[in-house]
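Before anything else, here's the structure in question.
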Amino acid sequence: MASKVPRFFIFNAPDGDRPLFAMLLLIIGVFVLALQDSLIKYISPSTSFWQVQVIRATGNLALITSLAFMSGSLTRILPQNWRPVYLRGLMQALCMFCFLAGAPFLSIAQMAAGLYTYPLFVSLLAIPVLGETIGLWRLGALIVGAGGATFMLNPLASNFSPVQFLPVAAGFFYACNLLILRHSCREENPIALTFAVAVIFISFGVLGMGFLMIFSPTLEIKSAMPFVMIGWPELTLTVLVICLISSILNLSGNMCMARAYQTADSSWLAPLDFTYLLFAALWGRVLFDNWPTFYSVIGMLLITTAGLITAWREAHHRLKN
């Protein structure tokens, strides 16, 4: 007799649309993920990107394997088609590298606003990847979003640094991850997808540390970008604990968001996704005692507007078809 699958929401099919419950799950997921990103920025002076990735992804791997075991079948971690699944994982690893590489130098609000340019890249990349056309509304959203990114980056400011482009690059790779998911991974088990990301993150971290050991950067480069140019610094208890907490926050936040989008229409939820920017600003105030600058606020508002226009047109397009 087959073992009975526990009634964890991640294992069972949704029991119909529950928009209010989905909205609550999404807000919890976004709140938790904003906290996770803020905690990693908080410990960035005491650790390295590679150390954080390896510890956090190892925690994720252990949690995911445990969940698969409790579901009654470890085969849940195996994808149906491994190539797009692991390519998506690589896009997420590159996204996280760009998102966190500038953490010691950027505010959490700047990081968040850069990442949330991803709907603009989704619209642009959907043309060659998915064969979609770009209409006036999408074009308008791209212009508004580009204006928001310009305000956020504020390239005319005296303290402008090219490091500010890193979160925008993260938005590009996050968009690539979404398009691969939409194009080739729709039928994959969420546990298999998450397991693949953890494997890629660990591999990415180990390869990064190996590269830095073989081609050791100069002291000047290490001083300029210590978070990404140092392989494995001395591991402190604080860093270890926060990395493990981040692992739990990462997995639980992504599970909440995944289930939210399974139990309500995405057009209902997409606007709430942008509350990440609000929560990022909140955690920036709590952990770092700073608020977004005037130009950053304008940029975030414009990026959010562009994202909402894109989400609305996506929903309108689906209804027409």
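Read-outs throughout are calculated quantities, based only on the coordinates presented, and are distinct from any laboratory measurement. For clarity, every value in this text was computed on a predicted model and none was experimentally measured. For neighbour counting, all protein chains shown are included, and Cβ atoms are generated from backbone atoms with ideal geometry for every residue, glycine included.
If each residue of separation counts as 0.36 nm, what is the full-extension length gain between Leu287 and Asn81 once their alpha-carbon separation is subtracted?
70.0 nm
Let me ask another. Over the range 56-161, with a single point scatterer placed on each C-alpha, what log10 of the ratio I(q)/I(0) does the Debye formula yield at q = 0.11, 0.12, 0.15 1/Å?
-0.58, -0.67, -0.90
Over the Cα atoms of the range 159-276, how large are the radius of gyration and the largest Cα-Cα distance (Dmax), in Å?
Taking only Cα atoms of the range 159-276, I get Rg and Dmax of 18.0, 52 Å.
Between Ser184 and Phe69, what is the FRET efficiency for a Förster distance of 22 Å, r being their Cβ-Cβ separation, to the nearest 0.05?
That pair, Ser184 with Phe69, gives E of 0.20.
For the range 18-80, what is the Kirkwood hydrodynamic radius in Å, using each pair of distinct C-alpha atoms?
Kirkwood hydrodynamic radius for the range 18-80: 14.3 Å.
Report the percentage of all Cα-Cα pairs in the chain whose separation exceeds 34 Å, rounded to a whole percent.
Of the Cα pairs, 22 percent sit more than 34 Å apart.
Another question, then. Let me know the Kirkwood hydrodynamic radius for the range 118-209, please, with Cα pairs as the basis and the value in Å to one decimal.
Mean inverse Cα-Cα distance, inverted, gives 15.6 Å.
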